[in-house]
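S.K.: Handing you this structure, nothing more for now.
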Amino acid sequence: MQVAPSILSADFGKLSEEVKAICDGGCDLVHVDVMDGHFVPNLTIGPVVVNAVAKAATKPLDIHLMVENNTFFVDLFAPLKPKYITFHIEEEKHPHRLIQKIKSLGIKAGVVLNPHTPPSSIKYLIEDLDMVLLMSVNPGFGGQKFIPSVVQKAKELKELINKSNPKCLIEVDGGVNDKNINSLKVAGVDVVVAGSYVYGSEDYQKAIESLS
């Protein structure tokens, strides 16, 4: 299991130190939540701060767009050369076009499904994707309780992926901890995002190891 701690739960007063700490603690990716205050009722960070995160990180960035006007934000963050950019399928009218655009920039492309969105909605996109991110909370805020039905959803998605594109990864974001990690592993999840679980612990390395 790859672990991608979300910096949304970090202490922004010492963000550089917090990013270095999770990288030193053995994380695989640094998860960056970008919210615009429109698609979700919260506002987070722009490219200036993410650039500082990129400089502090020794692990690749995983940028999760929770925004309207996805193309604008892809253009904004692409110069930072993250490993992944994921966007919400619920917001994008032309997802295939945007996936190709992200890939043309040398970045791996993924789509995000809100808790109510079924895996079948992306059946005809899976062969072009590098990752599918399943939200296990409603997007917009950290520290929410895990929605258990995402485990079954991950199993259904895994079946679709195995048929169309076995290299596509499944990522789960929201309320992940040491109590539900085993059920996610069994369901075929490849990457977990953990914000408050990691940053709320006394030992980041132990928290990351308990999920990996």
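The values are calculated or read from the model by the stated rules, or taken from the named source; none is laboratory data. Please read all numbers here as calculations on a predicted model, not as lab measurements. A quick note on method: Cβ atoms are made from the backbone with ideal geometry, for glycine too, and the neighbour counts reach across all protein chains shown.
S.K.: Output the number of the condition that ASN114 fails; it satisfies all remaining conditions of (1) in contact (Cβ under 8 Å) with a residue 40 or more places away in the chain; (2) touching an Asp or Glu at 6+ places or on another chain (Cβ under 8 Å).
M.R.: (1)
S.K.: Let me ask you something else. Starting from region 78-102, keep only residues that are over 19 Å from ASP33 (Cα atoms), then list their pairs with residues that are surrounded by fewer than 19 Cβ atoms within 10 Å (Cβ to Cβ) and hydroxyl-bearing (Ser, Thr, Tyr) whose Cβ atoms are within a distance under 9 Å, requiring at least 6 positions of separation or different chains.
M.R.: Correct list of pairs: HIS94/THR71; HIS96/TYR124; ARG97/THR71; LYS101/THR71.
S.K.: Checking the structure you have, find out if any residue of region 180-188 is more than 16 Å from THR117 (Cα to Cα) and in a loop (DSSP other than H, G, I, E, B). Please lay out each step first, then the result.
M.R.: So in region 180-188, the residues more than 16 Å from THR117 (Cα to Cα) come out as 180-188.
Okay, now just the ones that are also in a loop (DSSP other than H, G, I, E, B), so 180, 188.
Scanning region 180-188 turns up at least one residue that is more than 16 Å from THR117 (Cα to Cα) and in a loop (DSSP other than H, G, I, E, B).
S.K.: Can you tell which of VAL48, VAL40 is in contact (Cβ under 8 Å) with a residue 12 or more places away in the chain and among the hydrophobic types (A, V, I, L, M, F, W, C)?
M.R.: Numbers: VAL48 fails: in contact (Cβ under 8 Å) with a residue 12 or more places away in the chain.
VAL40 is the lone residue from the list that is in contact (Cβ under 8 Å) with a residue 12 or more places away in the chain and among the hydrophobic types (A, V, I, L, M, F, W, C).
S.K.: If you don't mind, another one. So LYS155 fits all but one of (1) within 21 Å of GLN2 (Cβ to Cβ); (2) surrounded by fewer than 19 Cβ atoms within 10 Å (Cβ to Cβ); (3) touching a Phe, Trp or Tyr at 6+ places or on another chain (Cβ under 7 Å); what number is the exception?
M.R.: Every listed condition holds for LYS155 apart from (3).
S.K.: Could you tell me how many of the residues in region 5-22 are surrounded by fewer than 12 Cβ atoms within 10 Å (Cβ to Cβ) and either modelled with pLDDT of 95 or more or charged (D, E, K, R) (or both)?
M.R.: Residues meeting the conditions: 3.
S.K.: Say we look at region 117-137 and pick out the residues that are within 17 Å of the chain's Cα centre (by Cα) and part of a loop (DSSP other than H, G, I, E, B); which of these is modelled with the lowest pLDDT?
M.R.: VAL137
S.K.: In this structure, does GLY140 turn out to be under 25 Å from LEU160 (Cα atoms) and either modelled with pLDDT under 95 or within 15 Å of the chain's Cα centre (by Cα) (or both)?
M.R.: Values: under 25 Å from LEU160 (Cα atoms): no; either modelled with pLDDT under 95 or within 15 Å of the chain's Cα centre (by Cα) (or both): yes.
No.
S.K.: Given VAL112, VAL74, VAL137, which one is in contact with a Gly (Cβ under 7 Å, 6 or more places away or on another chain), among the β-branched types (Val, Ile, Thr) and either surrounded by 20 or more Cβ atoms within 10 Å (Cβ to Cβ) or under 24 Å from GLU18 (Cβ atoms) (or both)? First the steps, then the outcome.
M.R.: Values: VAL112 fails: in contact with a Gly (Cβ under 7 Å, 6 or more places away or on another chain); VAL74 fails: in contact with a Gly (Cβ under 7 Å, 6 or more places away or on another chain).
Result: VAL137 is the single residue among VAL112, VAL74, VAL137 that is in contact with a Gly (Cβ under 7 Å, 6 or more places away or on another chain), among the β-branched types (Val, Ile, Thr) and either surrounded by 20 or more Cβ atoms within 10 Å (Cβ to Cβ) or under 24 Å from GLU18 (Cβ atoms) (or both).
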